[in-house]
């Protein structure tokens with residue numbers, strides 16, 4: 001004989017007694033931190049480009065002030081190129097993970 005659902009309403013208020021306040025938890029009471037997310041890694045071109053820009057910027061700036069670059073005298077264009085390379089290297093370093 002198949003089982004039927006009862007048409008009786010669930011007990012409420014005082015009829016329910018202490019059952020409403022009983023905590024039924026399948027989880028433990030201890031806090032479990034979430035699993036760590038996979039760390040992102042930079043592609044190989046990023047640190048290579050970053051260090052290349054930084055090194056070339058320093059070389060161009062030093063060569064400009066020591067008058068070792070073509071032209072033989074201090075040039076604002078070489079200063080601008082060196083500073084641009086240094087800034088580019090620093091900007092790329094903010095994306096490095």
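Bear in mind these aren't lab numbers, they're just calculated from the coordinates by the rules spelled out. Owing to the predicted nature of the structure, the values given are computational and were not obtained by experimental measurement. Reconstructed Cβ throughout: ideal geometry from the backbone, glycine too, with neighbour counts over all protein chains shown.
So the values come out like this:
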| quantity | calculated |
| --- | --- |
| Protection-proxy order for peptides 44-53, 81-90, each taking the mean of Cβ atoms within 10 Å per residue, highest first | 81-90, 44-53 |
| Cut-off 17 Å, label 7 Å out along Cα→Cβ of residue 39, residues of the range 67-97 by amide N | 94-97 |
| Packing rank of 65-78, 30-43, where each peptide gets the mean count of other beta carbons within 10 Å, highest leading | 65-78, 30-43 |
